[in-house]
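What follows draws every value from the coordinates through simple rules; no lab data is involved. Computed from a predicted structure; not experimentally measured. When we count neighbours, we look across all protein chains shown, and the Cβ atoms used for this are built from the backbone with ideal geometry, even at glycine.
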Amino acid sequence: MSDETLSKDEVDALLHGMEQGDVAVEGERAPRGAVRPYDLLAADRLAGRRFPALEVVHETFVGRLRASLASEAGVTATLTVGALETLRFATWRDRLPTGASLQLFSLTPLRGQGLLAIPAPLAFALVDRVFGGPGRLPENVEGRGYSALEQQTLRRLGARVLADLAEAWTPVQRLECALVALESNPARIAIAGPTEPVVALELACDVGNGPAALLLAIPYASLEPIRDRLDGRPTARASGGDREWVAAFGRAVRQAEVTVSAELGHHEISTRELLGLHVGDVLALGARGEDPVALRVEDVHVMTGVAGVSRGHNAVRVLGAARGE
């Protein structure tokens, strides 16, 4: 048996010394019954948490953003959804690239503001493409400020990006993402306290100059009222959420552009006959002028009509829905 075992008298003396303060103890013990603070929103406690609904929102956002960049800047961008993280705002702010265009935006009806960060190389490339250029970058791109015209152009692009973000959010929560301010100094940005958590998304965006990280952050406190919907857990408002999603889906379908074509007739020929066609040859379509024609939407027969002329243009008058082929 070891000789280092304390005797009863030694244990009593040690306890007495601790009570009198003669023996140092490790840290102070809270009084029994005292309340100890516990921060449920601490970034460390939220680290690694997944938000299934946000992942769907961001996938939709990428699809809409790709179409918007093609429309606004005339470029087919390569977009890849990166990491979706929950981290301290100070940590995220330290990652912001030098010279980025920082765009604060509202989250109405949610409280607080979000932040969109467009890195300088991507910002200058987009501005150049908006004015018909190939995406040229100025010298010392990260140390150069933005002119008044460039800021105005970035405001317009940012407004389009935020409109796409708001539309992508609709199935979860109807938001109005409006540009509040344009900033270039990260030190002036305070959408949350330094230790408060933000939900951050990174998109790799390539418009021909190499990939650049498009950054987006929303305070977790702003999302707290709808956290159940972000987690995908059923709530008492689930049926209302479903109705909102169905309504949003219906609006998207009604706004989708489709191609409508009228099939005046058809004629089957062999490949040999096709190769032997010459200018002036006539193909019989097997239909007369007054016969009904098939109206197709994306090559699907949906209606029947009759061909004619309206106000000097060839036209088709709809007779009714197709009964199937």
Notebook entry, point to check: Using modelled amide H (1.01 Å from N, peptide plane; none on Pro or chain starts), what sits under 5 Å from the amide H of residue 77, excluding residues fewer than 5 places away?
Noted result: 70
Notebook entry, point to check: Expressed as a rounded percentage, what relative contact order does the stretch 43-255 have, with Cα pairs under 8 Å and six or more residues apart?
Noted result: 30 percent
Next item on the list: Would you work out if the stretch 161-209 is rounded, prolate or oblate? Take a ≥ b ≥ c from the square roots of the eigenvalues of the alpha-carbon gyration tensor; rounded if a/c is under 1.5, else prolate when a/b is larger than b/c, oblate otherwise.
Entry: oblate
Next item on the list: Sort all Cα-Cα distances of the stretch 80-208 into consecutive 10 angstrom bins from zero, then give the percent of pairs in each bin up to the one containing the longest distance.
Entry: 12, 41, 37, 10, 0
Note to self: Explain nothing, just the number: relative contact order of the stretch 136-228, from Cα pairs under 8 Å at least 6 residues apart, as a whole percent.
What the structure shows: 16 percent
Checklist line | In Å, descending, principal axis extents of the Cα set of the stretch 64-142 | finding: 38, 30, 22
Margin query: How much length would be gained if the chain were fully extended between residue 319 and residue 296, taking 0.36 nm per residue of separation minus their Cα-Cα distance, in nm to one decimal?
Written below: 6.9 nm
Check: When the label point is put 7 Å from the Cα of residue 257 along its Cα-to-beta-carbon vector, which residues of the stretch 48-86 have a backbone N closer than 18 Å?
Finding: 63-77
Checklist line | Full-stretch length increase - residue 7, residue 70 - with 0.36 nm per residue and alpha-carbon distance subtracted | finding: 14.4 nm
Check: Can you list residues whose amide H is under 5 Å from residue 101's amide H, if they're 5+ apart or on another chain and H is modeled 1.01 Å from N?
Finding: 118, 120
